[in-house]
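Trainee: Just passing along the structure, written as structure tokens.
A short reminder: the numbers here are calculations on the coordinates, not readings from a lab. Not measured: the values here are computed from a predicted model. Backbone-built Cβ (ideal geometry, glycine too); neighbour counts: all protein chains shown.
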Amino acid sequence: MPPNPFNSQDARRYSNYNALDNTPYKTDSEFGDSPQHNFNEHIARKLNTFIINKNHPCIMARSAFRSGSCRFGVYPELGSINATAGLSRDLISFLHERSKIPGAYASFMAVFQAPKSMSEAVFEEKLWQQLNLLHQAAKPFYSWDTTTSSNPVDSKFSFSFGGKAFYIVGMHPNSSRKARRFEYPMLVFNLHEQFEALRNEGIYEKVKSVVRRNDKRLQGTVNPMLKDFGDASEARQYSGRSVADNWKCPFLS
């Protein structure tokens, strides 16, 4: 596999790649006993509470956490150049490591230190600002995943980075969806091929049904934005905000 192309001083400075499993109080961080390492462990505890202790509706997230298949990083402001430098490097590290990560399902969780509180509309704006920056950073090195479309209007759209398609789940404290209310802004990167594998195994519909039933039990209603891949552009689902039919995705392909 080619080396990680994100090797600049800023990419290394803001890189923050950690393993997260069912013993989250010890992260696999290179920082040692430092403020950054201590904050990483603080975030690991928060993620443990959010996913396991509060019985998160997504059974795939709980399974990945318990099997040691989750990776996470902590970055500066969502939608910033500095966050993009470190996150770009760490997403490629995640893709390089994926074949060695146990379990059929793995995800990378990018947690941002700021802005800590914002409206759903502002979060959505910053989410797409971040994805646009990642896309521009990857363009010189990687092509779009050919199994998906780069057109956010297309029903086959899925965000691509490092040549691989990802389904993005945006979370923040003020989300209208309870399942997406994390204490810090967070983008969860789920490899699209994992959902296809579930379909090929004939268990996707069962998993989907359980997740949506759990979400309805928590919220009282099913997320109106959820659609299967190919039925409508998944771009409408990323932020968690309920958007109108005439909503236009700000992604610049």
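Trainee: Would you calculate a helix-derived [θ] at 222 nm for the chain, using -39,500 (n - 2.57) for each DSSP H run of n ≥ 4 and dividing by the full residue count, to the nearest 500?
Mentor: The per-residue figure over the chain is -11000 deg cm²/dmol.
Trainee: I've got another one for you. Tell me which DSSP H helices of the chain clear both cut-offs, 18 Å or more of axial length from alpha-carbon atoms and a mean Kyte-Doolittle hydropathy of at least -0.5.
Mentor: Long hydrophobic helices here: 81-97, 120-138.
Trainee: Now for a different question. Ranking VAL188, VAL211 by Cβ neighbours within 10 Å, fewest first, what do you get?
Mentor: VAL211, VAL188
Trainee: Just want the answer: with Cβ charges of +1 for Lys and Arg and -1 for Asp and Glu, which residue in ASN53, CYS70, ALA85 is farthest toward the dipole's positive end in region 33-91?
Mentor: ASN53
Trainee: List the relative contact order of region 74-121 as a percent without decimals, with contacts defined as Cα pairs under 8 Å and 6+ residues apart.
Mentor: Contact order relative to length: 57 percent.
Trainee: Let me check I've understood the local charge: for SER176, count other residues with C-beta under 11 angstrom from its C-beta, Lys and Arg +1, Asp and Glu -1. What total comes out? Write out the running numbers ahead of the final one.
Mentor: Working: positive: ARG177, LYS178, ARG180, ARG181, ARG241; negative: GLU120.
So the environment of SER176 carries a net charge of +4.
Trainee: Quick check on region 73-205: what does the Kirkwood estimate of hydrodynamic radius come out to from the alpha carbon pairs, in Å?
Mentor: 15.5
Trainee: Relative contact order of region 9-237: what whole-number percent is it, with Cα pairs under 8 angstrom and at least 6 residues apart?
Mentor: This gives 19 percent for region 9-237.
Trainee: While we're here: With an 8 Å cut-off on Cα pairs and a minimum separation of 6 or more residues, tell me the relative contact order of region 142-202 in percent.
Mentor: Answer for region 142-202 is 25 percent.
Trainee: Ok, one more. Per the Kirkwood treatment, what hydrodynamic radius in Å, one decimal, follows for the chain from the mean inverse distance over all distinct Cα pairs?
Mentor: 18.3
Trainee: Around VAL153, what is the net charge, scoring Lys/Arg as +1 and Asp/Glu as -1 over all other residues with Cβ under 11 Å from its Cβ?
Mentor: Details: positive: LYS156, ARG236, LYS248; negative: ASP154.
It works out to a net charge of +2.
Trainee: Here is a follow-up. Taking every DSSP beta bridge with both residues inside the chain, roughly what % is antiparallel (nearest 5)?
Mentor: 70
Trainee: Which Cα, out of GLN194, ASN214, LEU131, lies furthest along the positive dipole direction of region 9-237 (beta carbon charges, K/R +1, D/E -1)?
Mentor: ASN214
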